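Novice: My questions will all concern the structure given below.
The values are calculated or read from the model by the stated rules, or taken from the named source; none is laboratory data. What you are looking at is a predicted structure, and each value in this text was computed from that prediction instead of being measured. Ideal geometry is used to build each Cβ from the backbone, glycine not excepted, and the neighbour counts take in all protein chains shown. Quick note on the areas: whole protein, heavy atoms, side chains included, nothing else; ligands and nucleic acids left out. Shrake-Rupley method; radii C 1.70, N 1.55, O 1.52, S 1.80 Å.
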Amino acid sequence: MKLASLKSGRDGKLVVVSRDLKACRAAGKIAPTLQHALDNWDDVVPALEKMAAKVERGGDNFDQAACASPLPRAYQWTDGSAYVNHVELVRKARGVEMPESFWTDPLIYQGGSDSFIGPRDAILAASEDWGIDFEAEVAVVTGDVPMGAGAEDAAQYIRLVMIVNDVSLRNLIPRELAKGFGFYQSKPSSAFAPVAVTIDELGDAWQDNRVHLPLLSSLNGELFGKPDAGVDMTFDFGQLIAHAAKSRPLTAGSIIGSGTVSNKLDGGPGKPISDGGVGYSCIAEVRTIEAIESGTSKTSFLNFGDRVRIEMRDSTGASIFGAIDHIVKPHQG
């Protein structure tokens, strides 16, 4: 089943979307919003599944540009760094050694969830000097998760899967983290692809609580990265959910992110696609590798007018979630 939220008010209007992303049907009589559906999941799923079968036979035209993020705002957005290779490289760029415990104890932070960017809306920033970067990730949406849920059981609380652009302002991060109190200004609003899907839509690509498909990132029309989201993911989504729920319950509609998808190559850092690698899911990673290899980072962060596109396709080449497609623009305050 594929679900989306058309722009309408603060929380959008829930629609059920066809597998080919061409048609949709309004789900208002069943659940007016996706959050309402998540709050009443067991009660509404049978009716939503019946509507999903009907939309395969036709419905209204589905316009991805008319969508908000599936959850335009959420009770919680918790982002992990499950690809520890990425964490190690980015910390190296800041001149910070990574503790060995990061390979055994998940790293997460709680991000802003009150106003996500729509999948086709602009990334706004006051200055290019902030070091504007994209981060292509996978995320899951949970039902109610009890406090203390174990990693082996946590996957049963996954309701939906999404992909995300976790926008980062790299040049604001070092000073902010030096205060010892975590991210805030350096992590502006994130964006999710138009469609959230139930696990069964992923078929064999969902294994071991991971999505085993390439996550495609393009910058100004050129493929920037295609790492496999199921490879080099140190902590699976069950482990991330359990970590988040260790000392408090999670409410339905909580979003748990994977962190930037990153693949190693022959045991070392990845390579650009042009050099036979799978590329990268953010600019910071390629800048780090450039600095390691030549002493200088050559690739610039995003500039106003740059275009970022993030998408995941199935084994037949069909888009699963629709596309995140942003242009970077100056914020006019």
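Novice: Pull up the range 291-302, narrow it to residues that are of a type outside the set (A, V, I, L, M, F, W, C) and within 25 Å of the chain's Cα centre (by Cα), then point me to the one that is least open to solvent (accessible area, probe 1.4 Å). Let's see the steps before the verdict.
Specialist: Of the range 291-302, the ones of a type outside the set (A, V, I, L, M, F, W, C) are 293-300.
Of the ones still in play, those that are also within 25 Å of the chain's Cα centre (by Cα) are 299-300.
Values: THR299: 38, SER300: 66 Å².
Going through the qualifying residues, I end up with THR299.
Novice: Only one residue in ALA66, ALA37 is within 15 Å of VAL141 (Cα to Cα), out of contact with any Gly (no Cβ under 6 Å at 6 or more places or on another chain) and aliphatic (A, V, I, L, M), so which one is that? I'd like the intermediate steps shown before the answer.
Specialist: On the way: ALA66 fails: within 15 Å of VAL141 (Cα to Cα).
The conditions single out ALA37.
Novice: In the set ALA74, ALA122, ALA136, ALA68, which member is surrounded by fewer than 19 Cβ atoms within 10 Å (Cβ to Cβ) and in contact with a strand residue (DSSP E or B) (Cβ under 6 Å, 6 or more places away or on another chain)? Outline the logic, then answer.
Specialist: Numbers: ALA74 fails: surrounded by fewer than 19 Cβ atoms within 10 Å (Cβ to Cβ); ALA136 fails: surrounded by fewer than 19 Cβ atoms within 10 Å (Cβ to Cβ); ALA68 fails: surrounded by fewer than 19 Cβ atoms within 10 Å (Cβ to Cβ).
Just a single option satisfies the conditions, and that option is ALA122.
Novice: Still on this structure, please answer the following. Out of ASP129, ASP121, I need the residue that is modelled with pLDDT of 95 or more, charged (D, E, K, R) and closer than 24 Å to LEU3 by Cβ. Which one? Full working, then the answer.
Specialist: Values: ASP129 fails: closer than 24 Å to LEU3 by Cβ.
None of the other options fit; the residue is ASP121.
Novice: If you take the residues of the range 206-235 that are hydrophobic (A, V, I, L, M, F, W, C) and part of a strand (DSSP E or B), which of them is surrounded by the most Cβ atoms within 10 Å (Cβ to Cβ)? It would help to see each step written out before you state the result.
Specialist: As a first pass, look at the range 206-235 and keep what is hydrophobic (A, V, I, L, M, F, W, C): 206, 211, 213, 215-216, 219, 223-224, 229, 231, 233, 235.
The next check asks that each one be part of a strand (DSSP E or B); those that pass are 206, 211, 215-216, 219, 223-224.
Numbers: TRP206: 21, VAL211: 24, LEU215: 26, LEU216: 21, LEU219: 18, LEU223: 14, PHE224: 23.
Result: LEU215.
Novice: Which ones in the range 154-176 are open to solvent by 10 Å² or more (accessible area, probe 1.4 Å) and either without any contact (Cβ under 8 Å) to a residue 40 or more places away in the chain or within 19 Å of LEU38 (Cα to Cα) (or both)?
Specialist: Across the range 154-176, the qualifying residues are ALA155, GLN156, TYR157, ILE158, ARG159, ARG175, GLU176.
Novice: Tally time: how many residues in the range 258-298 are of a type in the set (Lys, Arg) and in a helix (DSSP H, G or I)?
Specialist: Restricting attention to the range 258-298, the residues satisfying the condition of being of a type in the set (Lys, Arg) are 264, 271, 287, 298.
The next check asks that each one be in a helix (DSSP H, G or I); those that pass are 287.
Residues in the range 258-298 being of a type in the set (Lys, Arg) and in a helix (DSSP H, G or I): 1 in total.
Novice: What pairs come up if the first residue lies in the range 317-333 and is outside any loop (DSSP other than H, G, I, E, B), the second is small (Gly, Ala, Ser) and open to solvent by 10 Å² or more (accessible area, probe 1.4 Å), and their beta carbons are under 6 Å apart, counting only those six or more places apart or on different chains?
Specialist: From residues that are outside any loop (DSSP other than H, G, I, E, B), the pairs are ILE327/ALA122; LYS329/ALA122.
Novice: To continue, here is another question. Go through the range 30-46 residue by residue and tally those that are in a helix (DSSP H, G or I) and open to solvent by less than 40 Å² (accessible area, probe 1.4 Å). Before the answer, list the steps.
Specialist: Here is the first cut: in the range 30-46, the residues in a helix (DSSP H, G or I) are 34-39, 41-46.
Restricting the remaining residues to those that are open to solvent by less than 40 Å² (accessible area, probe 1.4 Å) gives 34-35, 37-38, 41, 44-45.
Within the range 30-46, residues that are in a helix (DSSP H, G or I) and open to solvent by less than 40 Å² (accessible area, probe 1.4 Å) number 7.
Novice: Only residues that are hydroxyl-bearing (Ser, Thr, Tyr) and crowded, with 19+ Cβ neighbours inside 10 Å: list them for the range 79-112, please. Even if it seems obvious, please write down each step before you answer.
Specialist: Step one: list which residues in the range 79-112 are hydroxyl-bearing (Ser, Thr, Tyr), which gives 81, 83, 101, 104, 109.
SER81, TYR83 - these are the residues of the range 79-112 that are hydroxyl-bearing (Ser, Thr, Tyr) and crowded, with 19+ Cβ neighbours inside 10 Å.
Novice: Counting only residues that are of a type in the set (A, V, I, L, M, F, W, C) and open to solvent by 40 Å² or more (accessible area, probe 1.4 Å), which one in the range 177-200 is modelled with the highest pLDDT? Walk me through how you get there before you give the answer.
Specialist: In the first step, residues of the range 177-200 are kept if they are of a type in the set (A, V, I, L, M, F, W, C); the result is 177-178, 181, 183, 191-193, 195-197, 199.
In the following step, the residues that additionally are open to solvent by 40 Å² or more (accessible area, probe 1.4 Å) were identified as 177-178, 181, 183, 199.
Working: LEU177: 89, ALA178: 90, PHE181: 92, PHE183: 93, ILE199: 98.
Within the range 177-200, the match that is modelled with the highest pLDDT is ILE199.
Novice: With GLY238, GLY203 as the choices, which residue is in contact (Cβ under 8 Å) with a residue 60 or more places away in the chain, in a helix (DSSP H, G or I) and buried (at least 22 other Cβ atoms within 10 Å of the Cβ)? Can you show your working first?
Specialist: Numbers: GLY203 fails: buried (at least 22 other Cβ atoms within 10 Å of the Cβ).
Step by step, each of GLY238, GLY203 is checked, and only GLY238 is in contact (Cβ under 8 Å) with a residue 60 or more places away in the chain, in a helix (DSSP H, G or I) and buried (at least 22 other Cβ atoms within 10 Å of the Cβ).
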